[in-house]
Amino acid sequence: MIYPIIRNTLFLLPPETAHKVSMQGLHFAAALPFGKQLLAGNFQYKGSDLSKELFGLTFPNPVGLGAGFDKNAEHLDVLELLGFGFVEIGTVTPKAQAGNPTPRLFRIPSQKALINRMGFNNDGVEAIAKRLKIRKEKSNSSLIIGGNIGKNKVTENSDAWKDYCTNFLGLEEVVDYFVVNVSSPNTPGLRELQEKESLRKIFSELQNINKNNKPILLKIAPDLETAALDDIISLTQEVKIDGLVSSNTTLDRSLLNENNLAAATEFGAGGLSGQPLLEKSNQVLRYLHKGIGNSLPIIASGGIFKGADAQSKMDAGANLVQIWTGFIYEGPGMVKNICTHLSNHK
């Protein structure tokens, strides 16, 4: 009930600063006497009726946190207290990189949206793997962790597969599944890797080193033409792709109303996320599900704020959902609220 006040206060700060402050606040709350119990008691969905078996993993509930929120795997313990069924770290690259110049994250509050051009800023695979290994040794956590992997900005597309393999080998022992990210609009040329032959090369090389059969999923953009979606559907029958994540942020500014379109133009380049993306991402999701049926699990993201939004993803063919922008606007009670809705509408 008090989150709107907290959110409005945080929104007085630049977005990246607000993110750091809010996460520091959660860590502080968790460190207080009975803090962990209070967070878990207030925000975790306690029912077991939403548990799902996918990729050989048991998800306690179908609501996850998308990549880009906890890029460097620094906040997994407090995010687990908030009830997420799974958390995707990254995007991770082989070498640490600073990402694009700031400012690079912008709010559009009237449409509950964000625009970002972060540019895969992260600590690099070695540092992140070390952090995850230490956590794994110290914790008996059962939180499912996905590793979202990408290429460094300086890596040529012809060598991109090498970056994905480096990330895979570095994270293999500390994450539960992988997501190949070729759909961010914020690394020059990256989306070209969504072409069929590029994807074939990346997934063939990854599966060649995947001795322990770790699930490897593909994350796609919501801006792909039908022919490109058909190529992806076809590719899932030719090489081993364990699932899809649909979808990333969009470059489509027509989803914004006229007033916000002018503001977005001032913000400049970047991917749009949040409430305006819901129907566009659902259209892509429905098309993919129609093409692959139930042969391949789909994690759906894009525009989820309420339980009904998550339900629309499930109705369109999703097996799991991911939130991100909605979490910024709706606050820590969001996971429990969505799970309660999904449980009541089973």
* Residue list for segment 315-344, restricted to those being in contact with a strand residue (DSSP E or B) (Cβ under 9 Å, 6 or more places away or on another chain), more than 23 Å from residue 69 (Cα to Cα) and in contact (Cβ under 8 Å) with a residue 40 or more places away in the chain -> 342
* Asked: Just to be sure, is residue 319 modelled with pLDDT of 95 or more, within 24 Å of residue 80 (Cα to Cα) and touching a Pro at 6+ places or on another chain (Cβ under 7 Å)?
  -> yes
* Structure fact -> Over segment 127-159, the set of residues surrounded by fewer than 24 Cβ atoms within 10 Å (Cβ to Cβ) and either under 24 Å from residue 250 (Cα atoms) or of a type in the set (S, T, N, Q) (or both) is 139, 140, 141, 142, 152, 153, 154, 155, 156, 157, 158
* Could we say that residue 272 is in contact (Cβ under 8 Å) with a residue 60 or more places away in the chain and either within 23 Å of residue 322 (Cβ to Cβ) or out of contact with any Lys or Arg (no Cβ under 6 Å at 6 or more places or on another chain) (or both) here? -> yes
* Asked: Taking residue 67, is it under 19 Å from residue 117 (Cβ atoms), touching a residue at least 12 places away in the same chain (Cβ under 8 Å) and not in a helix (DSSP H, G or I)?
  -> yes
* To do: Please enumerate the residues belonging to segment 31-41 that are within 25 Å of residue 340 (Cα to Cα), more than 24 Å from the chain's Cα centre (by Cα) and assigned to a helix (DSSP H, G or I).
  => 35, 36, 37, 38, 41
* Asked: Can you pull out the strands (runs of 3 or more DSSP E) entirely within segment 84-126 that have at least 1 residues that are charged (D, E, K, R) and touching a strand residue (DSSP E or B) at 6+ places or on another chain (Cβ under 7 Å)?
  -> 86-92, 105-108
* Asked: Which pairs have Cβ atoms under 7 Å, sit 6 or more apart or on different chains, and link a residue in segment 1-25 that is closer than 22 Å to residue 336 by Cβ and assigned to a loop (DSSP other than H, G, I, E, B) to one that is modelled with pLDDT of 95 or more and of a type outside the set (A, V, I, L, M)?
  -> none
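The values are calculated or read from the model by the stated rules, or taken from the named source; none is laboratory data. Every value quoted in this text rests on a predicted model; they were computed, and no experiment measured them. Neighbour counts are summed over all protein chains in view; Cβ atoms, including those assigned to glycine, are modelled from backbone coordinates with ideal geometry.
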